[in-house]
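Only one structure is covered here, and it is reproduced in the block below.
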Amino acid sequence: MWYTLFKYLLFRPGVKLLLHPTLQGEQNIPRQGGAVLASNHLDIADTLALPALMRRRLTFPAKKELFEGRTRWGRIVAWFLTAVGMVPLDRSGGRASASGLGPIDQVLTDGGLAGIFPEGTRSPDGSLYKGHTGVARMALDMQVPVIPVAMVNTTVRRNRLGLPTMHDGRMIIGRPLDYSPWRHQRDDVRVLRWITNDVLAHVQQLSGQPYVDVYGFRVKYGNLRDADLTRFRKDSPTAGLPVPPTDAELGLAGHDEAGSPAPSPRGTESGPGDDKDVRDE
């Protein structure tokens, strides 16, 4: 009830009135069934604008600290996030971040849509940065397609009246990507890295961003702050990365871990390299 109330009486009218973004390619989202929407991240408004304009419900993780408010305002924020269906995410890294995606896994198990920003943080300069492999783990563990999403010009600015707005803000949804041919290799770090980079390559095709092959956190807060990033720039996230052999090519596709026949790939239109048109490692 709270989700529907906030979305249709507050979020959607507010987003349309103030920010004026457009949503393209929504027909690429399956009408039912679980899927991961993986997006680049330019502004905090990305988390609000995309779910507001989509027909299907989209759940984004929010940092867990927002759910632990001890002040009156903090408790209000925690209640609000819970009411609209957000789930807590531990961003401390490593095993904590991996186990913290349990609520998102449940969303996918229930046939819902989960949003994720593989870069892990907002871009410091508008470029696309290296992604964490959580998106690949979810795709393989939960056996769901990944849908690339590009945020274009979604940085919020103040207009002449001092109100927040976007200038030609666009959210572009690509066609689903099917990584089920690698589902038995979900513990292979090379497979996880290739899938993650392939997802980002599809995002890049939609967004047109230059790619920098380092984590955005290092540029914003770490040892690469204010550094020359020229040596880390690549034409594409998958440049120089070979496509790993599929389960079938390795003879792994016949049975799952329990010995029963492996399920057929879940319904997507395109393979991981066919689209022409968001856990820590």
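The values are calculated or read from the model by the stated rules, or taken from the named source; none is laboratory data. Note that the structure is predicted; figures quoted are calculated from it, not measured. Here Cβ is always computed from backbone atoms with ideal geometry, including for glycine, and neighbour counts include all displayed protein chains. Each accessible area value is taken on the protein alone, full model and side chains, heavy atoms only, with ligands, DNA and RNA left out. Shrake-Rupley method; radii C 1.70, N 1.55, O 1.52, S 1.80 Å.
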(request) Would you point out the residue of region 26-70, among those that are of a type in the set (D, E, K, R) and under 16 Å from THR155 (Cα atoms), that is surrounded by the fewest Cβ atoms within 10 Å (Cβ to Cβ)? (result) ASP43
(message) Return the pair list, or none, for Cβ contacts closer than 6 Å from residues in region 66-86 that are more than 20 Å from LEU48 (Cα to Cα) to residues that are at pLDDT below 70, at least 6 apart or on different chains.
(response) GLY69/VAL77
(message) Can you tell me how many residues within region 4-30 are at pLDDT 95 or above and among the charged types (D, E, K, R)?
(response) 1
(message) So, restricting to helices (runs of 4 or more DSSP H) that lie completely within region 118-235, which ones have at least 3 residues that are among the aliphatic types (A, V, I, L, M), under 19 Å from ALA38 (Cβ atoms) and open to solvent by less than 50 Å² (accessible area, probe 1.4 Å)?
(response) 134-142, 189-207
(request) Of the conditions (1) among the aliphatic types (A, V, I, L, M); (2) crowded, with 17+ Cβ neighbours inside 10 Å; (3) at pLDDT below 90, ALA96 clears all except one; give me its number. (result) (2)
